[in-house]
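Notes follow the structure.
The values are calculated or read from the model by the stated rules, or taken from the named source; none is laboratory data. Predicted model only: the values in this text are computed from it and were never measured. SASA here: full protein model, heavy atoms, side chains in, ligands and nucleic acids out. Shrake-Rupley method; radii C 1.70, N 1.55, O 1.52, S 1.80 Å.
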Amino acid sequence: MKAPYKVVDLFAGPGGLAEGFSSVTADGKRLFEVALSVEMEPAAHKTLTLRSFTRQFPYRILPDEYYSFVSGELALEGLQDAYPQEWLAAAKEALRLELGTKEAAKKILPRVDEVRSQSNGRTILIGGPPCQAYSLVGRARNAGNEAYVAEDDGRHFLYREYIRILDRLRPAAFVMENVKGILSSSVAGGYIFERILDDLENVGADNGGYRLVALTSPMALSGRSPNVSSASDFIVRAEAHGVPQARHRVFVVGLRADVAEASTFSSAQCLLPENDRVSVRTVIGNLPRLRSGLSRKDDEQDWRETVLGSTDELIELASRSEPPTALMGMKRKLKSVRSSLSRRNAPMERIADEYDPRGYSDGLPIELASFLVDPRLPQLAHHESRGHMSRDLARYLFCAAYAEKKGRCAKASEFPDELAPNHQSWKSGKFADRFRVQTWETPSTTITSHISKDGHYYIHPDPAQCRSLTVREAARLQTFPDNYVFLGNRTQQYVQVGNAVPPYLAKQIAEALAKLLD
């Protein structure tokens, strides 16, 4: 077996892309080894370092002390003391730097040179420049700012740092990821994405540059961009590839010219073939049931009384014949929810304790189950509900019951007036999707960092639980393995999960690259 490819991961976040690459193995050995990763956000960098620590051990063979850390029996410092050399290696790999600054360049460029000199050309560059300047939400926010000038927004040009490292490293291949909004983002009258593609292709132009490849278009290694007819060819729809989430992102893959010419891979098929779609129920339906918290005076009895009171209110509203509301026809469903809450003898907890590897893999596709589930894990980390205002519990209950009955989320215009928030523009159309349930039988909507702000866009589909998604449920929908621990407070954990590349999708991209490279 040849030496593994050395991976450099820029704008790494908590490490979703790197997790996928480092999980590709042959004969138990990793085909891709992360040599350097860079992230500037403190909490994400801590998570990145911890995950780098786990990669210092053979794939899927973590030390007992790591599981003691997950269960809370061992502090992080105890884990570091138990394996000082491995922790030093992790700290050397995962750098906290703000790319684009002089300080970052001073530290990272020598490391890039070191990786290049030691790898004999067997390197991979991965990462995605920050997307705030390209996302539709970010652009809408900027449009309302009269002082905003796109040409002066450095975030538009952070991709140049990626180009700079690409030119320095000259890897065999690269993967650049970004939001779909980058395709329509413009600066100075021109589309920024066209500029990015030109820059990517022309790195090392004297030696042939790079061939750009679209993962989901039929593959034929000929020409400068062998399977690209338009910019939209670079869009990858995660739900079409076994990820339980409708997440559409741009992935540009590049092969160094000599690598493309030497490749023996030849196929009219896509590098990233479609898999069966995976539903929300398949991935989180078997996790422990939790109650939500109350933002005031929280205990199980108060919570149960609040939810039962909300259920009775909705049943009464559903019983009215005039005026017609979205609750009509839902009386039986609501009574079923009430009965479920009333007869349950077991307490409803806010935090899950034990880990059930067999139960948590029930119904999952075999490969996804193998990727997510860790039989040695003693406890499911991050499966803890957050608190909500009592009136929001009534709205969550209505939304989840409506989605179970109708198979879709209720729009703002369909809310009973009694549940409408006190917003003057509630029925203006601007708040049509203010409350959104993740329906059981479909992939979830896109998990974004907004999940950190409130749970309104990410309501759990079970009306009896009456809550938003936990960090672990969001992480499962993002396909992070169950033994992946996110450091920082809960808000920071949600942000890390929402900003990441789904690791299971990254694994498939890495496998596609392996076909092209060897």
Seminar exercise, completed: Once Ser413 and Gln301 are pulled to full extension, the length gained, defined as 0.36 nm per residue separation minus their Cα-Cα distance, is 37.0 nm
Problem set entry | Hull-based mean projected area of the range 52-113, where the convex hull spans the alpha carbons, in square nanometres | 5.4 nm²
For this session: Please give the solvent-accessible surface of Glu261 in Å², to the nearest 10, using a probe radius of 1.4 Å with every protein chain present.
Result: 140 Å²
For this session: Kindly sort Arg343, Arg304 by accessible area of their heavy atoms, largest first, with the probe set to 1.4 Å.
Result: Arg343, Arg304
Seminar exercise, completed: Rounded to the nearest 10 degrees, the helix 84-93 long axis (Cα) sits at an angle to the longest Cα principal axis of the chain of 80 degrees
Problem set entry | Carbon plus sulfur fraction of accessible area for the chain, probe 1.4 Å, in percent | 47 percent
Problem set entry | For Cα extents along the principal axes in Å, calculated from these coordinates, the label among (1) 73, 57, 53; (2) 76, 56, 45; (3) 66, 56, 48 | (2)
Problem set entry | Crossing angle, helix 503-517 versus the chain [Cα axis fit, 0-90 degrees, rounded to tens] | 20 degrees
Exercise. Mind checking the angle between helix 102-119 and the chain's longest principal axis? C-alpha axes, 0 to 90 degrees, to the nearest 10.
Worked result: 60 degrees
Exercise. So what is the calculated 222 nm ellipticity per residue for the chain, using -39500 (n - 2.57) for each DSSP H run with n of 4 or more, over all residues, to the nearest 500 deg cm²/dmol?
Worked result: -11500 deg cm²/dmol
Problem set entry | Å² per residue, accessible surface of the range 1-89 at 1.4 Å | 41 Å²
